[in-house]
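The values are calculated or read from the model by the stated rules, or taken from the named source; none is laboratory data. Keep in mind it's a predicted model, so treat the numbers as computed, not measured. Methodologically, a virtual Cβ is constructed for each residue, glycine included, from the backbone with ideal geometry; neighbour enumeration extends over all protein chains shown. To get the accessible areas, we keep the full protein, side chains included, count just its heavy atoms, and leave off ligands, DNA and RNA. Shrake-Rupley method; radii C 1.70, N 1.55, O 1.52, S 1.80 Å.
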Amino acid sequence: MTDLAYQRCIHPSCGATASLDDTSFQCAACGSLMDVAYDWDRLHPPKNLREFEAKWSRRSEPLEVSGVWRFRELFPFARDEQIMTIGEGQTLTQRSDSVAKFAGMNSGRLFLQYEGMNPSGSFKDNGMTAAFTHARMVGARRAACASTGNTSASLAIYCAATDLMRAVIFIGSGKISYGKLAQALDHGALTVQIAGDFDDALARVQQISKKLGIYLVNSVNPFRLEGQKTIMYRILEALRWEVPDWIVVPGGNLGNTSAFGKAFIELVDLGLIPHAPRLAVINAAGANTFFQLYERQGLRWNGGRLDQGRVDAYMHGMDAANARANTLASAIEINRPVNLPKALRAVDRCGGVVREVTDQEIMDAKAKVAAGGLGCEPASAASVAGAKKLRAEGVIGADERIVCILTGHQLKDPTATVAYHSADPKTFEEVLGTRGIRRANFANRAVQVPNDLDEIIKAIEVYA
Ligand code: F0G
């Protein structure tokens with residue numbers, strides 16, 4: 001299958017290729033990011049997306065029960081017997097009228113894509129199963145990542161469940177939520193906490209994996225992004241293969257943005273959908289490099305000839321000011337998104353927009369999502385906060401059909417949630433006030449009552 005799938009530099013003017021088993025994940029000619037590319041003329045992509053529906057009757061087979069590999073004809077880089085799956089991607093596209101109302105949308109027009117249902121509790125498993133499969137194809141014994149917590153949890157779980165590889169994870173000190181740290185430790189990953197933040201940890205892990213020959217699973221790994229494309233296939237399937245008007249996604253390292261863009265570009269090019277949906281990428285205001293470069297400075301993909309000087313100047317400016325990403329949405333506390341060029345390509349081809357939302361907006365949106373029945377972590381709620389903002393601006397119409405991606409589970413970061421609902425001003429101030437959050441607009445406070453039957457009954461009658 002090697003010649004049917006290969007790696008290719010993302011820049012059309014370069015276009016250098018590499019074989020499937022190259023693990024440098026960097027163009028040897030120009031140093032850019034790589035795509036996984038396919039010789040579609042010699043492969044057999046489906047003629048119609050409805051063909052995937054037939055797989056529902058074969059759900060006793062592991063590759064058909066996986067919400068990722070069920071779609072493997074759309075990313076055919078591995079043979080069936082090479083695939084490593086732990087049943088990822090069985091996630092839900094849930095219509096939410098209460099969240100629609102909060103965002104200013106009409107009833108029936110807003111959907112939440114709940115990726116918290118994955119085995120490790122975040123969307124990362126969609127990509128990890130693909131990267132892990134590739135790692136196995138090239139005979140890797142160790143795999144590494146830098147992480148704000150979810151990539152590391154996902155890697156740890158795949159290593160533990162398959163016992164095929166040792167996980168080496170790098171996290172910034174004090175920058176990881178307890179739910180995620182618990183997963184890495186409990187699943188037996190070698191956990192290296194370095195003095196610094198995610199951006200520092202990512203730079204280090206790239207160096208170290210090269211030096212020690214450890215397989216890298218961060219989203220510079222193009223195989224991971226192939227797996228993440230399937231989130232979009234599942235959304236299309238849930239919407240009976242109709243293309244929604246908008247996909248709204250939180251932006252951190254911009255792997256999802258890149259993967260979603262590639263999914264739609266390929267589906268359009270293969271003639272499987274008539275057009276791509278529009279893509280809205282939502283940064284946290286405290287980690288808003290993509291917003292600044294795209295919306296404020298007008299940086300564009302420009303057919304692959306993007307203005308690298310502008311990007312370099314922006315990064316140097318951050319260095320000079322010693323600027324650090326700072327948001328309660330720790331999953332997206334990232335100032336140097338490695339997938340920036342691919343994300344620019346995605347928003348270019350999908351008529352995209354980029355917005356930033358404050359931690360206040362994120363936490364209020366998170367509370368509304370939970371009140372509607374799905375629990376997500378702060379970073380995920382950036383999508384809903386962003387949708388509300390774009391609706392208020394009139395960029396999204398009240399009757400357009402939109403899907404907000406809920407990237408990670410509520411229990412990943414209980415500290416933020418408990419502080420938001422806490423009646424104790426000290427807890428609120430320590431966790432949220434220091435991030436500029438003034439009020440918990442949708443708090444559900446615990447009721448304090450004496451241990452007395454009458455008092456307890458009285459409290460229930462008052463509040464419920
Ligand atoms: N939402 C959650 C819950 C995440 O964990 C991440 C990224 C993102 C959104 C942003 O996605 O990077 O594709 O733009 N978490 C990474 C990690 C960085 O290490 O777990 P992106």
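Side notes on the structure shown:
- Amide H to amide H, with H built 1.01 Å from N, R278 comes under 5 Å of W246, I247, counting only residues 5 or more places away or on other chains.
- Translational diffusion of region 263-335, estimated by Stokes-Einstein from the Kirkwood radius over alpha carbon pairs at 37 °C in a medium of 0.692 mPa s, is 227 µm² per second.
- For region 146-215, the convex hull spanned by the alpha carbon atoms encloses 69 Å³ per residue.
- Close amide H contacts of V354 (hydrogens built in the peptide plane, cut-off under 5 Å, sequence separation of 5 or more or a different chain): V281.
- Principal axis dimensions, region 45-93 - Cα atoms, whole angstrom, descending: 26, 25, 19
- Segment D39-E81, extension gain: residue separation times 0.36 nm, minus the distance between their alpha carbons: 13.0 nm
- Shape analysis of region 1-91 based on the Cα gyration tensor places the equivalent ellipsoid semi-axes at 29, 15, 11 Å, largest first.
- The peptide list 24-32, 396-404, put in order of mean Cβ contacts within 10 Å with the highest first, becomes 396-404, 24-32.
- Taking all protein chains into account, the per residue accessible area for region 300-418 stands at 35 Å² (1.4 Å probe).
- Over the chain, Cα pairs under 8 Å with separation of 6+ residues give a relative contact order of 16 percent.
- Taking the Cα centre of the chain as origin and assigning +1 to Lys and Arg Cβ atoms and -1 to Asp and Glu Cβ atoms, the resulting dipole is close to 520 debye.
- Average accessible area per residue (Å²) across region 137-228 - probe 1.4 Å, nucleic acids and ligands excluded: 38
- Highest mean packing first, where packing is the average number of other Cβ atoms within 10 Å per residue, the peptides 314-324, 381-391, 107-117, 449-459 line up as 381-391, 107-117, 314-324, 449-459.
- Measuring against 19 Å, Cα to Cα, the residue pairs K124/K229; K262/K342; K366/K412; K175/K412; K180/K229; K366/K388 contain K180/K229 as the ones spanning a longer distance.
- For region 181-221, the spherically averaged projection of the C-alpha convex hull amounts to 3.4 nm².
- Virtual spin-label span in nm between E393 and L453, 7 Å along Cα→Cβ: 6.0
- Geometric descriptor of region 333-432, per residue, is 124 Å³ (volume of the convex hull of the Cα atoms).
- Carbon + sulfur, % of accessible area of the chain - ligands and nucleic acids excluded, 1.4 Å: 49
- Helix-only mean residue ellipticity at 222 nm for the chain, each DSSP H run of n ≥ 4 adding -39500 (n - 2.57), per residue, nearest 500: -11000 deg cm²/dmol
- Long-range amide H partners of R95 with built H, under 5 Å: L112
- Where region 1-85 is the region considered: accessible area per residue in Å², 1.4 Å probe: 51
- Across region 279-354, Cα pairs under 8 Å and at least six residues apart give a relative contact order of 53 percent.
- Taking one quarter of the surface of the convex hull spanned by the alpha-carbon atoms of region 81-165 gives a direction-averaged projected area of 6.8 nm².
- One equal scatterer on each Cα of region 41-185, no solvent, Debye formula: the resulting log10 I(q)/I(0) at q = 0.16 Å⁻¹ is -0.96.
- With the convex hull drawn around the C-alpha atoms of region 221-270, the volume per residue stands at 74 Å³.
- Expressed in Å, the radius of gyration and Dmax of the Cα atoms of the chain are 21.8, 77.
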